[in-house]
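Asks: Before I ask anything, here is the structure I am working with.
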Amino acid sequence: MTAAPTIFLPEVPDGDDVGLAPSISRFELERFICGELPPERRAVIDRALAADPALKALHDDVVAADRAFLIEQPPLPFFQRPAKAPSWWAGLLSHWHAGLGAAAAAAAVVVVVVVATPDESNRTKGGVEGPRVSFFVKEESAARLGHAGEELKAGDQIQLAVKDVDKKALVVVGVDGAGSVTVYASESVQGGLSKGAGSPRVLPASLVLDETTGPERFFVVYGDDVDTLLQAVDSAARHLGDDVKAGRADLARTDQLPLGAAFPQSSVHIVKIR
Amino acid sequence: MSISQMKDQELLTGLYRTHGGRVYARCFYLLRNKEEAQDALHEVFIKVHKNLAGFRNEASPLTWMTRIATNHCLNVLRAKRAPWHEKYKQEVDVGVAASVAGGGGAGFSLLENRELLRLCLAKVATTDGSLAELATYAFVDDMKQADICVLVGMSAPTLRKRLREFITICRAEIEAHVPGVVFAPAPI
């Protein structure tokens, strides 16, 4: 017969309590891991981690859990295109809401493919050393490399992949057949590129096509400062959008934004069909 | 998308990378369901997005986001009520039995048996969400009393009184599930 357990209940001291190590609570440890603590407090916790194996083990567990979380559930965009300019990207937010797990699974598949598949950018400025962009199309249980000008249907899911250049910032912008411009990503890539330049990488967001039809071209542009780059790309894309709307430009052929050599760029386009 | 929105997105994405794992861990701990925890994570970030202006002055985003996540998940638990609790009780019974079989007969701490602690939190969440919130900070996060007081705007004596209420409810809840259980103060 099993003896009834003895359970030790917590006490609530009249003074303030102490945490896992002298004056370090679990929550403070988590704030430490999130990078929220001031330097002087970080130094205290660094010393405690070196001296307390239990605290160090908990620290390592939390760090490992956070890493696993980001691999399993990578960040996706939180915004969608305004209602006045509906787009096939509009499914993105609902995708985020309803299908985080599915998106993570899809991303995992794509990552495997991008490593194993040669880059197929349809547009490169600056020769073989320039940036390249391509895309992958998710299928039932895998992902395949898409091709420039490919016709895709509503509900199809794609993910962009880029081969970076040694710049500090990246912007992804789309121009569609109606001349609408959408900025899809803007990121500081300083540090990441020093290691990853020249190697393909998949951008985190996967995209679900909606019902709108016609061409859309995605431009990936690099620069040295996110704000400056974003303003330059936004302006150039709107200029192209106006030309498209007025019939002066064809997205199947216009594969560059009107930007100078200081902004290396690459683009790829698709055609959305019913 | 405007440039200001883009900056918001960068901020949100940065927060997700640095704090998303902690927020998700809180949601998963309280809800014990991956899909529900993912939904809860999403809801937390929606709330963060809506309150970004206020957030920019926060000294501790983790504290702020943990509070949003905790309250959201406790509300989810409260909404589930009886059906969830019955299922949960079965899980905890197994957890207690496993603790006993694993040497728990010599005694174990409620704070170390996080399954059992969660049962107590869930029980309290159905009747007193604010108490469940306080207990989560004190016993799950191991926050200091002073920090909890600042976070929820409560005096230290009131906080201590509330936490002792929680322990009393825990005790009754465990006695209902584990006949013959013996309680003791946590050893120093």
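The values are calculated or read from the model by the stated rules, or taken from the named source; none is laboratory data. Bear in mind that the values here come from a model prediction, so they are computed numbers and not experimental data. With ideal geometry, Cβ positions are generated from the backbone for all residues, glycine too; neighbour counts draw on all protein chains shown. Note: accessible area is taken over every heavy atom of the protein model, side chains too, but ligands, DNA and RNA are not part of it. Shrake-Rupley method; radii C 1.70, N 1.55, O 1.52, S 1.80 Å.
Asks: What is the set of long-range amide H partners of A:ALA249 at a cut-off below 5 Å, with H atoms built 1.01 Å from backbone N?
Replies: HN-HN under 5 Å from A:ALA249: A:VAL244.
Asks: Another one. What number comes out for the charge environment of A:LEU251, summing +1 per Lys or Arg and -1 per Asp or Glu over other residues with Cβ under 9 Å away?
Replies: -2
Asks: Total Å² of accessible surface buried at the B-A contact, 1.4 Å probe, nearest 100?
Replies: 5600
Asks: Wrap a convex hull around the Cα atoms of segment A:26-72, take a quarter of its surface area, and give that in square nanometres.
Replies: Directional mean of the projected Cα hull area for segment A:26-72 stands at 3.2 nm².
Asks: Here is a follow-up. Go through A:LYS167/A:LYS272; A:LYS163/B:LYS47; A:LYS138/A:LYS272; B:LYS34/B:LYS161; B:LYS7/B:LYS47; B:LYS50/B:LYS144 and tell me which ones have a Cα-Cα distance over 26 Å in this structure.
Replies: Distance filter (> 26 Å) returns A:LYS167/A:LYS272; A:LYS163/B:LYS47; B:LYS34/B:LYS161; B:LYS50/B:LYS144.
Asks: Distance in nm between label sites at A:ARG67 and B:THR168, each 7 Å beyond Cα in the beta-carbon direction?
Replies: Calculated label separation equals 4.7 nm.
Asks: Further, regarding this structure: Pop out the ³J(HN,Hα) list for segment A:211-218 in order, Karplus 6.51 cos²θ - 1.76 cosθ + 1.60 with θ = phi - 60°, rounded to Hz; leave Gly and Pro as x.
Replies: 7, 5, 10, x, x, 8, 10, 9
Asks: Evaluate the distance, in nm, between pseudo-label points positioned 7 Å from the Cα of A:ASP227 and of B:LYS34 along their respective Cα→Cβ axes.
Replies: 4.2
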